[in-house]
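What follows is a short report on a single structure.
The values are calculated or read from the model by the stated rules, or taken from the named source; none is laboratory data. This one's a predicted model, so the numbers in the text were calculated from it and none came from an experiment. We place every Cβ from the backbone using ideal geometry, glycine too, and count neighbours over all the protein chains shown. Each accessible area value is taken on the protein alone, full model and side chains, heavy atoms only, with ligands, DNA and RNA left out. Shrake-Rupley method; radii C 1.70, N 1.55, O 1.52, S 1.80 Å.
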Amino acid sequence: AEVAPPTAGADEVLVRVYAASVHPDVWHVVRGEPSVLRLMGAGLRRPIQPVPGTDVAGRVEAVGADVSRFRPGDAVFGETIRGRRWVNGGAYAEYATAPADALAHKPGRLSFEAAAAVPTSGLIALQAVRSQGQVRDGRAVLVNGAGGGVGHFAVQIAVADGATVAGVDAGEKLEVVRSLGADRVVDYTREDFTRRPERYDCLLDVPGNHSLAACERVLT
C-alpha cells in the first residue's frame with residue numbers, strides 16, 4: 001500500500017531504507033503471538049504501527065532539531081525502535097524514522113544488506129556473551145544454535161574475547177561455525193550436547209530446546 005512518509009521527531013532521523021532484515025521478533029509481532037505481546041505494546045486487535053520491520057540500513061534523508069551526530073546523506077544502520085519493545089518498527093517501507101541513539105554510521109566495507117542483518121541479532125548476542133555471560137579470556141563457552149542469527153554473532157564475540165568455544169547446530173552448518181572460530185562443533189541431529197562429558201563456564205542456549213536441568217549438567 002502507499003503510505004505517507006514518516007516525519008522525524010526532534011531526536012530522530014529519517015532514513016531512506018536500502019535494506020531491512022527479517023528476524024523472529026518481526027514474525028512474532030506480525031502474528032501477534034504469543035498473545036501476551038499484544039498487551040506489551042503490539043496492539044490488541046491490530047498492530048499499532050502497521051508497517052513491520054525493526055532492523056534497517058540506508059542513508060539519512062533528514063534529521064530532527066536535536067540531532068547532531070548525523071547529517072543528510074550519511075550511510076547508517078541500526079534499529080527503528082528503542083529497547084526490547086514488541087511493536088512493528090516501520091523498516092519495511094521506503095522511508096523509516098529511527099531514534100538517533102539507536103543508529104550508527106555504517107562501516108564502508110559492509111554492504112547495506114550485511115549491515116541490516118546486524119542490529120537485533122548482534123545486540124542480543126553482545127548482551128548475552130558480555131553482559132550476562134561475562135565471557136572473558138580463558139573461559140569455556142558453548143553456543144547452542146551457533147549457526148543461526150544470534151548464535152553466529154555469539155561465537156565470534158566469544159572468540160574475540162579469548163574464550164574457548166563449542167558450537168552446536170545441524171550438520172550442514174558446522175563448517176560455517178568452524179570458520180567463525182569455534183574450537184569444536186556438535187551436530188545436534190546425531191548427539192545431545194547435554195549428555196557429553198565436557199563442561200562449560202557459560203552456555204548460551206539460543207533455541208531454548210533443552211530443559212534447565214539438562215543444561216545445568218554441562219555447566220561447571
Within segment 139-162, track down each residue that is surrounded by fewer than 22 Cβ atoms within 10 Å (Cβ to Cβ) and polar (S, T, N, Q). 156
Which pairs turn up if I take residues in segment 5-31 that are under 18 Å from residue 119 (Cβ atoms) and look for partners that are open to solvent by 90 Å² or more (accessible area, probe 1.4 Å) and part of a helix (DSSP H, G or I) with beta carbon separation below 7 Å, at least 6 apart in sequence or on another chain? 19/113
Return the pair list, or none, for Cβ contacts closer than 8 Å from residues in segment 200-213 that are within 20 Å of residue 184 (Cβ to Cβ) and in contact (Cβ under 8 Å) with a residue 24 or more places away in the chain to residues that are of a type outside the set (A, V, I, L, M, F, W, C) and part of a strand (DSSP E or B), at least 6 apart or on different chains. 203/144; 204/144; 205/144; 206/144; 207/144; 209/144; 210/144
Considering only segment 57-80, state which residues are out of contact with any helix residue (DSSP H, G or I) (no Cβ under 7 Å at 6 or more places or on another chain) and either of a type in the set (Asp, Glu) or at pLDDT below 95 (or both). 61, 66, 74
Can you tell me how many residues in segment 118-138 are modelled with pLDDT under 95, in a loop (DSSP other than H, G, I, E, B) and either in contact with a Leu (Cβ under 6 Å, 6 or more places away or on another chain) or open to solvent by 20 Å² or more (accessible area, probe 1.4 Å) (or both)? 4
So, of the residues in segment 51-98 that are among the charged types (D, E, K, R) and open to solvent by less than 60 Å² (accessible area, probe 1.4 Å), which turns out to be farthest from residue 10 (Cα to Cα)? 55
Only residues that are open to solvent by less than 50 Å² (accessible area, probe 1.4 Å) and over 18 Å from residue 69 (Cβ atoms): list them for segment 99-116, please. 112, 114, 116
One residue is enough: does segment 188-199 have a residue meeting the conditions over 22 Å from residue 22 (Cα atoms), surrounded by 14 or more Cβ atoms within 10 Å (Cβ to Cβ) and touching a Leu at 6+ places or on another chain (Cβ under 8 Å)? yes
